[in-house]
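Data block below; observations after.
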Amino acid sequence: MTYEQMYRLALSKINPMQSGEYFSAGSVSVVLEAANGKYYTGVNIDLACGLGFCAERSAAAAMIADGETVIRRVVCVFRDGSLWPPCGACREFISQLSPENKKTKFLTKLEGEEEKTLADFLPDPWHD
């Protein structure tokens with residue numbers, strides 16, 4: 001799958017919703033390409049109590065349930081179509097799934113397919 005196809009798939013999963021004043025979801029979507037060659041999607045879930053989670057962790061949970069921990073590429077899209085880098089929590093989460101994930105590539109610009117690795121986002125990890 002090309003980055004353009006991953007981007008389009010992520011966009012297709014955007015479905016902002018709100019249920020009452022304490023729950024919203026679907027304004028951020030992600031597609032992960034795992035080392036097993038499969039693609040996993042996820043969306044954010046925001047809860048007022050702070051127990052929600054990001055789209056990256058949503059997709060990673062499905063990937064982990066499938067027995068995989070290594071991520072090759074990530075495309076994360078906000079509801080306006082802009083590309084988003086991973087937040088600090090997701091950077092750390094992905095880094096701890098596998099040492100190989102420091103090579104994970106994140107699309108930062110669709111035109112020209114510019115990307116950064118997780119190591120670019122986390123140049124000085126707190127652990128060895």
Item checked: Set of aspartates and glutamates near LYS13 by C-alpha distance (under 14 Å), chain-local residues within fewer than 8 positions excluded -> GLU56, ASP80
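Looking at region 38-128, which chymotrypsin sites (Phe, Trp or Tyr not before Pro) are in a loop (DSSP not H, G, I, E or B) and have at most 12 other Cβ atoms within 10 Å? Please report the intermediate quantities before stating the final value.
Working: sites: TYR39, TYR40, PHE53, PHE78, PHE93, PHE106, PHE121, TRP126; in loops: TRP126.
Hits after loop and neighbour filter: TRP126.
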Item checked: Option label - percent of Cα pairs over 27 Å apart computed here, alternatives [x] 32; [y] 14; [z] 35 -> [y]
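Let a ≥ b ≥ c be the square roots of the eigenvalues of the Cα gyration tensor of region 46-86; is it rounded (a/c under 1.5), or, if not, prolate (a/b larger than b/c) or oblate? Mind showing how you got there, number by number?
Details: a/c = 2.95, a/b = 1.18, b/c = 2.50.
In terms of gyration-tensor shape, oblate.
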Next item on the list: Enter the accessible area per residue of the chain (Å², integer; probe 1.4 Å; all protein chains in place).
Entry: 55 Å²
Notebook entry, point to check: For the chain, which whole-number percentage of the solvent-accessible area (1.4 Å probe, protein heavy atoms only) is attributable to carbon and sulfur atoms?
Noted result: 53 percent
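Relative to the present Cα-Cα distance, how much length would full extension add between ALA119 and SER12 at 0.36 nm per residue of separation? Spell out each step's value before the answer.
Values: separation 107, 0.36 × 107 = 38.52 nm, distance 2.86 nm.
Computed gain between ALA119 and SER12 is 35.7 nm.
Using only the heavy atoms of the protein chains and a 1.4 Å probe, how would ASP46, ASP80, ASP124 rank by accessible area, largest first? Walk me through the numbers before you get to the answer.
Numbers: ASP46 75, ASP80 110, ASP124 135 Å².
From most accessible down to least: ASP124, ASP80, ASP46.
The values are calculated or read from the model by the stated rules, or taken from the named source; none is laboratory data. Please read these numbers as outputs of a predicted model, since none were measured by experiment. Neighbour counts run over all protein chains shown; Cβ positions are idealised from the backbone, glycine included. In case anyone asks, the SASA skips ligands and DNA or RNA and just uses the protein heavy atoms, side chains included. Shrake-Rupley method; radii C 1.70, N 1.55, O 1.52, S 1.80 Å.
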